Amino acid sequence: MIRANDPKLRSWVEVPHGSDFPIQNLPFGVFRTPGLTPRLCTAIGRYVADLQVLAEHGFFDDLGVPRYVFAQPYLNDFIALGKDGTRAVRNRLADLLDDDLEDWDASELAGYFLHLRDEVQMLMPIKVGDYTDFYSSREHATNVGTMFRGKENALMPNWLHLPVGYHGRASSIVVSGTPVRRPKGQMVLKDGEPPVFGPSRLLDFELEMAFVVGRDTQLGTSVSIADAEDYIFGMLLFNDWSARDIQKWEYVPLGPFLGKSFASTISPWVVTMDALEPFRVEGPEQAPRPLPYLQYEGSGSFDIQLEVEILPDNGKGKTVCQSNFRYLYWNMAQQLAHHTVNGCNLRVGDLMASGTISGPTPDSYGSMLELSWRGEKPIPMPDGSDRKFLLDGDTVILRGCCEKNGVRIGFGEASGKVLPAV
Ligand code: MN
């Protein structure tokens, strides 16, 4: 077992009941304060731990990890150490935060390296090179296909044979807490009429998760499905904001463009695949059997409970969706193997998002498009209003966590407030 995953570990830092960040998690992120430059950190209970300070005190020197990687504004150089390096650092952090602490005086250092999370600013954790969005939920693809093409042709003929995806826009990926401006664009208000220009009327969220690529590959080479997981560093929450009216008019024949590229929101913490290892589960059975390069044996998915809350301006919030990562038809190894099968190269810090994660029941659908079924079934809110799509002033909050053997590993939040179009 990976040392930091031991369910018996307890930290000398208080971890409140229900916290996302017990000692078994130790995700990685980047923070700053008015007095401190951006630097790497981990989360423990209600605190962030400053890894630059720990590095300057020599706590990682014997691991062969250079100090400079912890003083960077992004995780990329740290991730590029490879799994041996990042795993050694995570295990060392478990040693330092363990209440059986013997070898170090880290508790004396606590005043220097621990900061209340509420008092720091979390930053974009990675410099995203390329961003790909898959479409790997059978339930989501079936729901959307049913709405636009009817039940008979809901799934396109390719869908069960390959993980459908498209290349997204990396520059507009923002960290949780960043407001999102309602986009403007072309849309057709009534079928057959000419398009009009204006603010999107059908602004939506998409409940997704994304994985962070942890190793470069050479252009012209492919990653086999057996090796694919070695190339995945960790996961985060991902809201792929979508303007359904712009999307519907523009997407034929080349796919999503301005209806998607205005913003995507990620959570600030990258939870490592090491921390998620105890939560592996099998994904749905795949029939027809995929081609050999996509065949995966074993438990390739993860049991991650997901939820979406809509919090109106000055109002009470409502959880509108509860889903689970394990519902996805195509797993991450299959997505990565498919992405590189043509020789396309990967770079550390690339993001690959899952696609909207809808489950089998109407309360598990991962977008307003599905939850309100194109606006036909408005969702009542606690303040007496209802929602077909998002209103200005609404804050959308994604959350996720895994629970097993008394250990709860959380992802924090991916939150964003809708601002009116200008
Ligand atoms: Mn999407």
task = For segment 105-187, please list each of the strands (runs of 3 or more DSSP E) lying entirely inside it that holds at least 2 residues being more than 15 Å from the ligand (Cβ to nearest atom).
result = 114-116, 173-175, 184-187
inquiry  = Please pick out the residue among Pro292, Pro378, Pro362, Pro382 that is farther than 30 Å from Ile2 by Cβ, in contact with a strand residue (DSSP E or B) (Cβ under 7 Å, 6 or more places away or on another chain) and open to solvent by 60 Å² or more (accessible area, probe 1.4 Å).
reply    = Pro382
ask   = Asp204: under 22 Å from the mean Cα position of the chain (by Cα) and either modelled with pLDDT under 95 or within 16 Å of the ligand (Cβ to nearest atom) (or both), yes or no?
value = yes
ask   = Within the set of pairs 6+ apart or on separate chains, which have a first residue in segment 399-422 that is on the phi > 0 side of the Ramachandran plot, a second that is buried (at least 21 other Cβ atoms within 10 Å of the Cβ) and of a type in the set (Asp, Glu), and C-beta atoms under 8 Å apart?
value = Gly412/Asp20
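Examine segment 253-266 for a residue that is away from the ligand (no atom under 16 Å from the Cβ), open to solvent by 10 Å² or more (accessible area, probe 1.4 Å) and under 15 Å from Met352 (Cα atoms), and state whether such a residue exists.
No; the residues of segment 253-266 include none that is away from the ligand (no atom under 16 Å from the Cβ), open to solvent by 10 Å² or more (accessible area, probe 1.4 Å) and under 15 Å from Met352 (Cα atoms).
Among the candidates Gly82, Gly35, Gly45, Gly29, which residue alone is under 23 Å from the mean Cα position of the chain (by Cα), surrounded by fewer than 16 Cβ atoms within 10 Å (Cβ to Cβ) and modelled with pLDDT of 95 or more? Steps first, answer last, please.
Details: Gly35 fails: under 23 Å from the mean Cα position of the chain (by Cα); Gly45 fails: surrounded by fewer than 16 Cβ atoms within 10 Å (Cβ to Cβ); Gly29 fails: surrounded by fewer than 16 Cβ atoms within 10 Å (Cβ to Cβ).
Just one listed residue meets the conditions, Gly82.
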task = State which residue is most open to solvent (accessible area, probe 1.4 Å) when the search covers only segment 310-359 and only residues that are among the charged types (D, E, K, R) and touching a strand residue (DSSP E or B) at 6+ places or on another chain (Cβ under 7 Å).
result = Arg347
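With the structure loaded, tell me whether Leu311 is over 24 Å from Gln218 (Cβ atoms), modelled with pLDDT of 95 or more and within 14 Å of the ligand (Cβ to nearest atom) or whether it fails that test.
Numbers: over 24 Å from Gln218 (Cβ atoms): yes; modelled with pLDDT of 95 or more: yes; within 14 Å of the ligand (Cβ to nearest atom): no.
So Leu311 does not fit the description; no.
Regarding segment 202-223, can at least one residue be identified that is open to solvent by less than 90 Å² (accessible area, probe 1.4 Å), more than 30 Å from Arg289 (Cα to Cα) and of a type in the set (Ser, Thr, Tyr)?
Filtering segment 202-223 down to residues open to solvent by less than 90 Å² (accessible area, probe 1.4 Å) leaves 202-214, 217, 220-223.
Narrowing the set further to residues that are more than 30 Å from Arg289 (Cα to Cα) leaves 202-205.
Those left that are additionally of a type in the set (Ser, Thr, Tyr): none.
Checked segment 202-223: no residue is open to solvent by less than 90 Å² (accessible area, probe 1.4 Å), more than 30 Å from Arg289 (Cα to Cα) and of a type in the set (Ser, Thr, Tyr).
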task = Check Arg374, Arg399 and return the single one that is basic (Lys, Arg) and within 23 Å of Tyr166 (Cβ to Cβ).
result = Arg374
ask   = What are the residues in segment 375-387 that are in contact with a Leu (Cβ under 9 Å, 6 or more places away or on another chain) and either in contact (Cβ under 8 Å) with a residue 24 or more places away in the chain or hydrophobic (A, V, I, L, M, F, W, C) (or both), if any?
value = Gly375, Ile379, Ser385, Arg387
request  = Give segment 285-337 a look and list any residue that's of a type in the set (Asp, Glu) and in a strand (DSSP E or B), or say none.
outcome  = Glu307, Glu309
request  = Go through segment 147-159 and give me each residue that's open to solvent by less than 60 Å² (accessible area, probe 1.4 Å) and closer than 20 Å to Leu254 by Cα.
outcome  = Met147, Ala154, Leu155, Trp159
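Tell me, please, whether a residue that is closer than 29 Å to Glu208 by Cα, open to solvent by less than 50 Å² (accessible area, probe 1.4 Å) and modelled with pLDDT of 95 or more can be found in segment 104-119.
So in segment 104-119, the residues closer than 29 Å to Glu208 by Cα come out as 116-119.
Now narrow it down to the ones that are open to solvent by less than 50 Å² (accessible area, probe 1.4 Å): none.
No: segment 104-119 contains no residue that is closer than 29 Å to Glu208 by Cα, open to solvent by less than 50 Å² (accessible area, probe 1.4 Å) and modelled with pLDDT of 95 or more.
Listed residues Glu277, Glu297, Glu307; which is surrounded by fewer than 21 Cβ atoms within 10 Å (Cβ to Cβ), in contact with a Cys (Cβ under 8 Å, 6 or more places away or on another chain) and either of a type outside the set (Ser, Thr, Tyr) or touching a residue at least 40 places away in the same chain (Cβ under 8 Å) (or both)? Before the answer, list the steps.
Numbers: Glu277 fails: in contact with a Cys (Cβ under 8 Å, 6 or more places away or on another chain); Glu297 fails: in contact with a Cys (Cβ under 8 Å, 6 or more places away or on another chain).
None of the others qualify; the one that does is Glu307.
The values are calculated or read from the model by the stated rules, or taken from the named source; none is laboratory data. Note that the structure is a prediction, hence the values are computed from the model and not measured. Glycine also receives a Cβ, built like all others from the backbone with ideal geometry; neighbour counts cover every protein chain displayed. Just so you know, the surface numbers come from the protein's heavy atoms only, side chains and all, with ligands and any DNA or RNA stripped out. Shrake-Rupley method; radii C 1.70, N 1.55, O 1.52, S 1.80 Å.
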